[in-house]
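The values are calculated or read from the model by the stated rules, or taken from the named source; none is laboratory data. Being a predicted model, the structure only gives us computed values, none of them experimental. Please note: Cβ atoms are built from the backbone with ideal geometry, for glycine as well, and neighbour counts cover all protein chains shown. Just so you know, the surface numbers come from the protein's heavy atoms only, side chains and all, with ligands and any DNA or RNA stripped out. Shrake-Rupley method; radii C 1.70, N 1.55, O 1.52, S 1.80 Å.
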Amino acid sequence: MDFRLELVQVPVSDVDRAIAFYTEKAGFVLDHDHDVGGGIRFVQLTPPGSPASISFGSGLTAMTPGSLEGLQMVVTDIEAARAELAGRGLAVSEIQDLPWGSFVFFSDPDGNGWAVQQITPRDPAEA
């Protein structure tokens, strides 16, 4: 039995502002934007090449907007990823090189925190 994490809710205060940020600045693909009735609006977006998506909307969660930290995407080229994000006008950190990978960080307009990581290849002698 596989248990795959494929959807993570991100708490936002302004759905339309969040859609604009994630599509225009972060480059995510807008998969769904549906008013399902009863004050519920469901939005789903997916980072390019990712099997997992994020969702947000109205009437979906009691989480405080901006309270989510530790969302992480993995890339094969951190320099290219940073250049692409910065080129879209995203305020993204400088590259930080750590023993377990190279990272850049950014936040959405509500303050939800994201990391983008290029994983450092393992030394076969340490395996």
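State yes or no: is V75 among the β-branched types (V, I, T) and out of contact with any Ser or Thr (no Cβ under 6 Å at 6 or more places or on another chain)? Yes, satisfied. Can you find even one residue in the stretch 91-98 that is crowded, with 17+ Cβ neighbours inside 10 Å and not polar (S, T, N, Q)? Yes: one or more hits.
Residues in the stretch 36-54 that are in a loop (DSSP other than H, G, I, E, B), open to solvent by 70 Å² or more (accessible area, probe 1.4 Å) and touching a strand residue (DSSP E or B) at 6+ places or on another chain (Cβ under 8 Å): P48 alone.
The set of residues from the stretch 77-105 being at pLDDT 95 or above and part of a loop (DSSP other than H, G, I, E, B) comprises D77, R88, G89, L90, A91, V92, S93, E94, I95.
Every residue, every condition in (1) more than 15 Å from the chain's Cα centre (by Cα); (2) open to solvent by 40 Å² or more (accessible area, probe 1.4 Å); (3) at pLDDT 95 or above, yes or no:
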| site | (1), (2), (3) |
| --- | --- |
| P11 | no, no, yes |
| D14 | yes, yes, yes |
| A20 | no, no, yes |
| A26 | no, no, yes |
| D31 | no, yes, yes |
| H34 | yes, yes, yes |
| F56 | no, no, yes |
| S67 | no, yes, yes |
| G70 | no, yes, no |
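Checked against (1) of a type in the set (D, E, K, R); (2) crowded, with 16+ Cβ neighbours inside 10 Å; (3) more than 14 Å from F28 (Cα to Cα), E84 passes all but condition (3). Residues in the stretch 16-64 that are in contact (Cβ under 8 Å) with a residue 24 or more places away in the chain, within 19 Å of V92 (Cα to Cα) and of a type outside the set (F, W, Y): R17, A18, I19, E24, K25, A26, G27, P47.
Restricting V75, V104 to those that are β-branched (V, I, T), touching a helix residue (DSSP H, G or I) at 6+ places or on another chain (Cβ under 7 Å) and without any contact (Cβ under 8 Å) to a residue 40 or more places away in the chain reduces the list to V104. A91: in contact with an Asp or Glu (Cβ under 6 Å, 6 or more places away or on another chain) and not aromatic (F, W, Y), yes or no? Criteria not met by A91.
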